[in-house]
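Structure, as structure tokens:
Read the figures in this text as sums done on the coordinates, not as results from a lab. Keep in mind that what you see is a predicted model, and the values were worked out from it rather than measured. Cβ coordinates were reconstructed from backbone atoms using ideal geometry, including for glycine residues, and neighbour counts include every protein chain displayed.
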Amino acid sequence: MSALTDPRGAVEELTRPEGWVLGVSVAFLLFLLAALLTGALGPTYFLFLVGLAGMYALLSFGLNSQWGFAGLINFSVAAFFGVGAYGAALFTASGSPLVELFEGVPLLSSLLGLPIVGLVVGLAVAFVLAILIGIPTLRLRADYLAIASLGLAEVVRLIVLNERWLTNGSAGVRGIPGFFAGWPVLGTFPEAMPGLRLEVVPGSPVLLETAFWRASLNVLLVLAFAGGVYFVLRRAHRSPWGRVLRTIRSDEDLARALGKDTYSFKMQSFVLGSLIMALAGVFYTHLNLYVGPGDLDPITTFYAWVAVILGGSGSNRGALFGGIVIVTIREGTRFLNDVALPIDPAPLRLLLIGVVIIAVMRYRPQGVLPPQRELIWPSAVDGGGAPDSPDSGVREQKGGGGDE
């Protein structure tokens, strides 16, 4: 049932966890709206948080397409995220060492600085890296992929930190333009929009200036990225390809006995997830306008895993919800610095995430939004059983039945 044609009926069909998620989400949005109108939360910072939530949703989507679909244990989320981020930064930033290196080459110098080129380069490097790490490990047990991916994450971080001639080392890369810089209309949109002053609550004006309009373009970009990825994964999850991946995750020997090339399917899943993670890195580059080795810390991988486990392994909706929760905890704890507490509130974010994991494992081991509702016959999850079988055979329906 469509929520647009019959919203009340759609709400009544929600399961208890789905209703809980919907209620909490609506309450949280109302809280943010009140904070915006009262001036407690700046509109530009609010849009930055939306962009950050979209970035973590992309990371969760990528990991979910590997672990949730095919059972591939990937501990190198930060590596592919960093490849996408640095690939975009080095080919677009004015302070990039590559700009100085190829300044005298006509063709390359004309391509440097174009965000589309950075996007393509970041995804291409992630594709090659995923192939190189997948070839020797995906034919073996999942343990080997976990070990290799864990080492890959650290290798990429150390290369970024030490190869100063290419990555600028610990100083990072600055001077990164917005993704729409140089585009017609969108490139000049933030500067062309007038500054607005809204005062819904007396004494608490809301200012919409150039930074706000620039942040709105970032939100538009991440919605396009996340929406496109969600649509692709949703279709893939219900397709025969997705059913083979779920079989591989449950029993790879059974899938192999049915004649499926499990190595090929696992490679496809691993490459797809790696590209999505790199896409998140490309977006982060143009959102934050700075990339450094600290962005490749293992905590990024940890956050992505928590988001997938919290939402439900294999659930695209769960990955989206988990990414939003991670950003809420990560950024929400920053405001505790304004509250007089007897302890330092900064480490509380890891404590809260640990509490969330324990609570989920205790009360919802399958995740808040398990993937059953996203499969081919959602009614089967609600007790509706399998799809109705026809009352008569094909020959009877065509009128060709009868005694011979």
(request) Provide the packing ranking of 27-37, 112-122, i.e. peptides ordered by the mean count of other C-beta atoms within 10 Å per residue, highest first. (result) 112-122, 27-37
(message) Students often check this: by mean Cβ neighbours within 10 Å, which of 50-56, 85-91 ranks highest, and how do the rest follow?
(response) 85-91, 50-56
(request) Would you work out which of S239, I135, V200 lies farthest towards the positive end of the dipole of segment 57-296? Charges go on Cβ: Lys and Arg +1, Asp and Glu -1. (result) S239
(request) Calculate the dipole size of segment 57-296 relative to its Cα centre from +1 charges on Lys and Arg beta carbons and -1 charges on Asp and Glu beta carbons; express the result in debye to the nearest 20. (result) 780
(request) Output the peptides 278-284, 328-334, 297-303 sorted from most to least packed, where packing is the average of other Cβ atoms within 10 Å over each peptide's residues. (result) 278-284, 297-303, 328-334
(request) Give me the number: length gained by fully extending L289 to V201, i.e. 0.36 nm times residue separation minus the C-alpha to C-alpha distance, one decimal in nm. (result) 28.4 nm
